[in-house]
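Comments concern the structure below.
Nothing in this text is a laboratory measurement; each read-out follows from the coordinates by a stated rule. Predicted, not measured: the structure shown is a model, and the values here were computed from it. Cβ coordinates were reconstructed from backbone atoms using ideal geometry, including for glycine residues, and neighbour counts include every protein chain displayed.
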Amino acid sequence: MESLIKRAAKDLAESKYAIALTGAGMSTESEIPDFRGPKGIWTTNKEAEAKAYQRYELFLNNPRAYWEEMLGLQGTYGTFHEQIRQAKPNPGHYALAELEALGLLKCVITQNIDGLHKKAGSKRVLEYHGSVNAVRCISCGSRFAWEEVSLDELPPRCKCGAVLKDDVVHFKEPIPLDVMEESEKEALGCDLMLICGTSAVVYPFANLPRMARFHTRRLFAGLDVVGYKTNVKIIEVNADPTPLTHEGVSDYLIQGKTGEILPRIVEELRKA
Ligand code: APR
């Protein structure tokens, strides 16, 4: 592990445009359960997972019922939001914020809806699956803080007249266009991608590392050649190997806890 931590510090120091991609494994050390780890929310509650897959459809078909359920939610989803609001950043979040402050990390693209990267001081954060801290208009894309939105009438409406939804992106819900486009630009433009605490099984997020690793060149109509980009370093920090590890999309996996490994990488960089 130590040699890989030193290798990651060296790779980061030599990078010109490093970004981080993160998942729920960043926040388990902040007492927020992940989804697919041994004690994950979906691992331990398949019914909750099935319900999560229907939530966006409910919103589209009956936004009032969606809001009544979401606001009154008990059980996993409601408790989950409560846990998130109480949570504090952990050393892993602070380490990524420090890498940004050192000018070594340009952006964090997170699947997490807990807002802990921003709480830890990261400035450029793309919340790929939205955030519990905002409400979004599904038509014009405007985002509002909860306190700006009146919930006297359900569903609440945007100034543009469309129905508002909490900013959290549900299964089958499109990724907000602004975040999607910016994330793809970052993935295509980076020369180092630090992937922390994600099982890398949910798409389209899991496409981002593949966009960084492979490029497609059109030889002629109908024949595209997929090339393996060797000028990008993809490093995983995760408790377990993922499909990115098995498929050789990442160069190496530092296996262990994000809250321990990431601060060690920062320490190595400070020593250099
Ligand atoms: N340090 C390192 N890795 C960890 C830690 C930790 N402290 N805790 C958990 N992990 C690993 C788990 O082993 C797992 O491989 O982090 C990964 C978390 O994977 P998931 O639980 O699948 O979470 P994530 O990849 O973020 O899920 C993606 O799925 O349900 C949707 O929208 C939800 O954004 C979420 C998406």
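If you count the DSSP beta bridges with both ends in the chain, what percent of them are antiparallel, to the nearest 5?
40 percent
How tilted is helix 177-189 with respect to the longest principal axis of the chain? Cα atoms for both, answer in degrees (0 to 90, nearest 10).
The answer is roughly 0 degrees.
Taking 10 °C and 1.306 mPa s as the conditions, I'd like the Stokes-Einstein D for the chain in µm²/s, using the Kirkwood hydrodynamic radius from alpha carbon pairs.
For the chosen part, D equals 81 µm²/s.
Treat the count of other C-beta atoms within 10 Å as a stand-in for reagent exposure and order Leu269, Leu244, Leu177 from fewest to most.
Starting with the residue having the fewest Cβ neighbours, the order is Leu177, Leu269, Leu244.
When only DSSP loop residues count, what trypsin sites (Lys or Arg not before Pro) in the range 39-73 have their Cβ near at most 14 other Cβ atoms within 10 Å?
For trypsin sites (Lys or Arg not before Pro) across the range 39-73 that sit outside H, G, I, E and B with at most 14 neighbouring Cβ atoms in 10 Å, the list reads Lys39.
Using the 10 angstrom Cβ neighbour count as an exposure proxy, how do Leu188, Leu262 rank, fewest first?
Going from least to most buried by this count: Leu188, Leu262.
Given the DSSP H assignment, sum -39500 (n - 2.57) over each helix run of at least 4 residues in the chain and divide by its residue total; what's the result at 222 nm in deg cm²/dmol, nearest 500?
Here the helix-only value at 222 nm equals -11500 deg cm²/dmol.
Relative to the Cα centre, what is the charge dipole magnitude of the chain, using +1 at the beta carbon of each Lys and Arg, -1 at the beta carbon of each Asp and Glu, and rounding to the nearest 20 debye?
620 debye
Taking each pair of different alpha-carbon atoms in the range 134-272 once, compute 1/r for the pair, average those values, and report the inverse of that mean as the Kirkwood hydrodynamic radius in Å to one decimal.
Mean inverse Cα-Cα distance, inverted, gives 18.1 Å.
Of Gly115, Leu104, Tyr53, which is farthest towards the positive pole of the range 1-133's charge dipole, taken about the Cα centre with +1 and -1 on the beta-carbons of Lys, Arg and Asp, Glu respectively?
Leu104
For the range 120-159, run through the trypsin sites (Lys or Arg not before Pro) and keep only the ones in DSSP coil with at most 12 other Cβ atoms within 10 Å of their Cβ.
Answer by residue number: Lys123, Lys159.
Going by how many other beta carbons lie within 10 Å of each one, how would you line up Met211, Met1, Met26, Met180, fewest first?
Ascending number of Cβ neighbours within 10 Å: Met1, Met180, Met211, Met26.
I'd like the orientation of helix 91-101 relative to the chain: the angle between its Cα long axis and the longest Cα principal axis, in ° from 0 to 90, rounded to 10.
Result, in degrees: 70.
Taking amide H positions as placed in the peptide plane 1.01 Å from N, state which residues far from Ile254 in sequence (5 or more) or on other chains have amide H under 5 Å from it.
So Ile254 has HN proximity to Glu236, Val237, Asn238.
Provide the per-residue ³J(HN,Hα) series for the range 227-244, in order, calculated from phi with Karplus coefficients 6.51, -1.76, 1.60 and θ = phi - 60°, each as a whole number of Hz, with x at glycine and proline positions.
Coupling constants for the range 227-244: x, 8, 6, 8, 8, 10, 9, 10, 10, 9, 10, 7, 5, 10, x, 10, x, 5 Hz.
First select every other residue whose beta carbon is under 11 angstrom from the beta carbon of Ser199; then total the charges, Lys and Arg +1, Asp and Glu -1.
Around Ser199, the charge tally is -2.
So what are the ³J(HN,Hα) numbers for the range 215-225, from phi and the Karplus equation (6.51, -1.76, 1.60; θ = phi - 60°), rounded to whole Hz, Gly and Pro as x?
Working through the residues one at a time gives 10, 10, 10, 7, 6, 7, 3, x, 10, 9, 10 Hz.
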